[in-house]
1. Show me the strands (runs of 3 or more DSSP E) entirely contained within the stretch 311-390 in which 1 or more residues are closer than 21 Å to Leu285 by Cα.
2. Run down Arg198, Arg172 and say which single residue is closer than 28 Å to Ile261 by Cα, at pLDDT below 80 and not in a strand (DSSP E or B).
3. Given the conditions (1) open to solvent by less than 30 Å² (accessible area, probe 1.4 Å); (2) under 30 Å from Val357 (Cα atoms); (3) of a type in the set (A, V, I, L, M); (4) not in a strand (DSSP E or B), and given that Val228 satisfies all but one, which numbered condition is not satisfied?
4. Checking the structure you have, find out if any residue of the stretch 42-52 is touching a residue at least 40 places away in the same chain (Cβ under 8 Å), closer than 18 Å to Phe147 by Cα, open to solvent by 40 Å² or more (accessible area, probe 1.4 Å) and within 33 Å of the chain's Cα centre (by Cα).
5. Taking Arg92 and the conditions (1) closer than 29 Å to Ser174 by Cβ; (2) out of contact with any strand residue (DSSP E or B) (no Cβ under 8 Å at 6 or more places or on another chain), which numbered condition does it fall short on, given that it satisfies the others?
6. Out of all the residues in the stretch 83-100, is one or more closer than 24 Å to Leu166 by Cβ, open to solvent by less than 30 Å² (accessible area, probe 1.4 Å), polar (S, T, N, Q) and in contact (Cβ under 8 Å) with a residue 40 or more places away in the chain?
7. Taking the stretch 120-140 as the region of interest, how many residues are of a type in the set (Phe, Trp, Tyr) and assigned to a loop (DSSP other than H, G, I, E, B)?
8. Contact list please: Cβ distance under 7 Å, first residue in the stretch 145-172 and open to solvent by 10 Å² or more (accessible area, probe 1.4 Å), second residue assigned to a helix (DSSP H, G or I), pairs at least six apart or on different chains.
Amino acid sequence: MDAIAQLTNWMIAEGRRSDDPEKVVSYFCSSLIEAGVPLWRVNIGQRFANPLLIAWGIVWTPDGTESYDVTHETMLTDGYVGSSFEYILEHRKPLHKSLRQLDPKTEHSSYLDFAELGGTDYYATLLYYGDGSLHGCTFVTRSPEGFSPRHLKMIEDALPALSSALEPVTMRKSSKGLLRTYLGDGPSDAVWNGRIKRGERTTLDAVVMFSDLRGFTALSDRASEEDVFDMLSGYFDLVVQSVEENSGDILKFMGDGILSIFTVATQQDLNDQCKRAARSAQSVLTGLAALNHRREEARKPPLDIGIGINVGQVSYGNIGSPGRLDFTVLGKAVNLASRIEVLTKSLGHRVLATSAVAAASPELFSACGFHEVRGLAGSIELYSLVEKEHQASPMPDRHIDPDNMD
């Protein structure tokens, strides 16, 4: 059995079942080298459905492999515009190019970089998947003779086998990425692992953080749609980053409200997760001050925020109709966090927490008395997060009609 036939058999059997794309690409490249193809650098790019990323890929060299992601913004840069990937995807045909005697004034920077590193010949071609999507791959050699027609035929003959191995990996990455983007890490894992029956739920302990923009309705009434989306994007970015950097999960965007949880695995883990939630709230305030500074320079009104933090038992799972489900978290702990956030308006503190949360980080909180909470028979003690000077944020107009505020 020749090397290409052996490569094809491996890809269709073991490679197709593998969840390790770097292993698949490494085997592909080493098999081609064994067959006589003088490879120096290979880039296998995969396009996939994701609102945050447009592609991912694997780069192979004799020193090893590494993966990379491509954002939608990258497609607008000089790195992509004019590149071989743009050419083959637009023209739907391969590109074979010598890297010798290139004109630095007219050639794409990638060709010049490869030539400077000793590359002599370049080949870019397409991978075809069963759903009709096209993907790109590039091959560079340092061989003085470059790629011969025989070499290129061997590469093309091996590509269908590579597609059969990488297509399921790409589909899984795409599906998991979509779930993670819209549901967060914990819930997406639950759905991916099959816990998706309507009404099925998981009960756990968690620190719940609910954040909400102040006066969003009044601000949005005065702003253009573009400004509203820009406002929300900036606010969402800083909250999501703060939560995820502290190992929390964003579960829901509800208008301008954000529901996050920090899952408590064990009783010993409780204090740590309370601290993570508090640090996340601190980070949000710091980020908000920086965001408002930029908004002030752009002559836009400042944003303000309210955050309520609580800890307790919650249940998350699927609710909805047989044809349309929503993955959400429910429970008294969630309701209390939301209602505590509402009290930040009247008490004049941007972050309020229950005593169980504050006890884990007493140096970060200050007691602010007992207060009645809507839906509870008695009053509860609340604590405000001590704000640092650099977290100070300009406050929106407090004379806005309360009926027009969220």
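1. Ranges flagged: 351-354, 365-372, 379-385.
2. On the way: Arg172 fails: at pLDDT below 80.
Every option except Arg198 fails the conditions.
3. (2) is the only condition that Val228 fails.
4. no
5. Only one criterion in (1) closer than 29 Å to Ser174 by Cβ; (2) out of contact with any strand residue (DSSP E or B) (no Cβ under 8 Å at 6 or more places or on another chain) is unmet by Arg92, namely (2).
6. yes
7. Number of matching residues: 1.
8. Once the first residue is open to solvent by 10 Å² or more (accessible area, probe 1.4 Å) and sits in the stretch 145-172, its partners that are assigned to a helix (DSSP H, G or I) give Met154/Ile4; Met154/Leu32; Asp157/Ile4; Ser164/Met11; Ser164/Ile12; Ser164/Arg16; Pro168/Arg16.
The values are calculated or read from the model by the stated rules, or taken from the named source; none is laboratory data. Since the model is a prediction, treat every value here as computed from it, not as a measurement. Neighbour counts are summed over all protein chains in view; Cβ atoms, including those assigned to glycine, are modelled from backbone coordinates with ideal geometry. Each accessible area value is taken on the protein alone, full model and side chains, heavy atoms only, with ligands, DNA and RNA left out. Shrake-Rupley method; radii C 1.70, N 1.55, O 1.52, S 1.80 Å.
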